[in-house]
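Note sheet for the following structure.
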Amino acid sequence: MATTDTESNTPAVPTDDGRAYGRPVGQSDLELTQVGAGTPSGELLRRYWHPIALSSEATSLPRAVRMLGEDLILYRTLDGTPGLLEPRCCHRGTTLLYAKVESDCIRCSYHGWSFAADGTCLDQPCEPDRGRNRASYRQPWYPVVEFGGLIFTYMGPPEKQPVFPQYDIFQDIAEDEELVTFDRFAFGGPNVAPCNWFQTHENAMDPYHVFILHNTISGPQFDPRLEIWPTINFQRHDWGITASQDRKLPDGTTLHRVTEIRVPTIRVIPTPTLAYLGKTNNMSWTQPIDDTHTRVFAILRIAKGSDPQGLGTYGPDERTWEDLSEEEHRLYPGDYETQVGQGPVTLHSEEHLSSTDRGVSLVRRQFKEQVRIVAEGGDPIGVVIPGTTADEAGDSSEAQPVSLIAGNYIIDADTNLSQIPVSETLVAN
């Protein structure tokens, strides 16, 4: 309540009326946002395989790429082997961006030292016998795996390198099917967003924004059935968090929609256009380029030559995100505008989470638990390290395919509920 200035007999301005003046400087939660080497969350991220580029981006012309705050050089030798090296040549420090790619190596343009994909020095043409001691030199490198049109890398401690994970939705591809890859931010946007990775990642566990952002504000951007208000529950698992949404449809059936987040950067959002029913046909990874830049990669399983049909539309004439003018982006915002609009790194201390943010809170809590496990010397969830007790098959090079839960499931009287994830353990609201 305002007080009175006794000399002027005028009401004094209250000091707690919510004005912006004098507010404290907001802070970000570093356990969620930092990706650099040596930071707690950066070290957790380095214990997993991550996509770093499209397969098409690994060519005989070296390319500068950035991942987890580290600058690297991506290339593909003429025999088809991709490589990922530290940019500074271990000889005199010039960049390998201008190196020459050969049949089985990359050769520095300065003095011709050449390196294999594992950093082994193969040739030193200016040295006696082309390098009598070349085995003593090695270019810093990271291992890579190519799958589904993406280049994945592991950037953590060698003794903790996990088996490269496989996923059930990408198994047993039929002759009339194919895997396609795209790198677009959420459901519309450029391929790189100027914001921290976590504020885009946690959005997958925020189903309530669909009714406001993707319907009320911007008009229906997805299938009209998603306009129906559902019953929403969240579930916590050993590997991540899921959200289940049940909508009673006019024909008497139920749309049981499940989204999932897997530690650390996987989010599985079944297509909101409902073009694919049943278990999801796609999954995506958030790429933390650095603390303030993010890229998203996705792999989809579709019929050969068909339209992936995964992106929403914008405005009354149902245009794509790229077709909107600057003004129209303000009229019909989507995920890109709202998530980038939180700033380069959102200020967690200035948030006021409510009951509908339950899923976001669960994702943050589980991620921070894993950050602390790694900081204390443990192994995080969702990895299989050969030769450890977590690797039930012993020193295997492959793990059992991960079974995804996400999907758009239509439930009617004839549906076999045992085949649909409708009875997961619920998290109390």
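For a test of the definition: using alpha carbon positions, the gyration tensor, and the 1.5 limit on a/c, classify the range 49-146 as rounded, prolate or oblate. Note, shape of the range 49-146 comes out prolate. In this structure, Thr415 and Ile228 have a Cβ-Cβ separation that, at R0 = 22 Å, corresponds to a calculated FRET efficiency of about 0.75. Within the listed set Val101, Val25, Val35, the Gaussian network model of the chain (springs between alpha-carbon atoms below 10 Å) gives the highest mean-square fluctuation for Val25. Length available on full extension from Val145 to Glu318: 0.36 nm per residue minus the Cα-Cα distance, which gives 58.5 nm.
What do you get for the angle between helix 358-375 and the principal long axis of the chain? Use alpha-carbon atoms, 0 to 90 degrees, nearest ten. Tilt relative to the chain: about 30 degrees. Converting phi to 3J(HN,Hα) with the Karplus coefficients 6.51, -1.76 and 1.60 and the offset θ = phi - 60°, the range 329-345 yields 5, 6, 6, 10, x, x, 4, 4, 5, 6, 7, 5, x, 6, x, x, 9 Hz in sequence order, with x at every glycine or proline.
For the peptides 130-137, 363-370, residues were scored by their other Cβ atoms within 10 Å and the scores averaged per peptide; the highest-first order is 363-370, 130-137. For the range 77-183, the Cβ-based charge dipole about the Cα centre amounts to some 1180 debye (Lys, Arg positive; Asp, Glu negative; other atoms uncharged). Highest GNM mean-square fluctuation among Asp16, Asp172, Asp118, for the chain modelled with Cα contacts below 10 Å: Asp16. Working from label points 7 Å from Cα in the Cα-to-Cβ sense, the Asp79 to Ser403 distance is 4.1 nm.
Backbone geometry of the range 283-289 corresponds, through the Karplus equation with coefficients 6.51, -1.76 and 1.60 at θ = phi - 60°, to 3J(HN,Hα) couplings of 8, 9, 10, 8, 9, x, 5 Hz, x marking Gly and Pro. Taking a ≥ b ≥ c as the square roots of the eigenvalues of the Cα gyration tensor, the range 158-278 is prolate, since a/c reaches 1.5 or more and a/b is larger than b/c. The gain in end-to-end length when the Glu350 to Leu97 segment is fully stretched comes to 86.9 nm, 0.36 nm per residue minus the alpha carbon separation. Taking label positions 7 Å along the Cα-Cβ direction at both Tyr110 and Ser55, the computed distance is 3.5 nm, reported to one decimal.
For the chain, modelled as a GNM whose springs connect Cα atoms under 10 angstrom apart, the maximal fluctuation among Tyr276, Tyr336, Tyr98 occurs at Tyr98.
Computed from the coordinates by the stated procedures, all read-outs in this text should not be read as laboratory data. Predicted, not measured: the structure shown is a model, and the values here were computed from it. Glycine also receives a Cβ, built like all others from the backbone with ideal geometry; neighbour counts cover every protein chain displayed.
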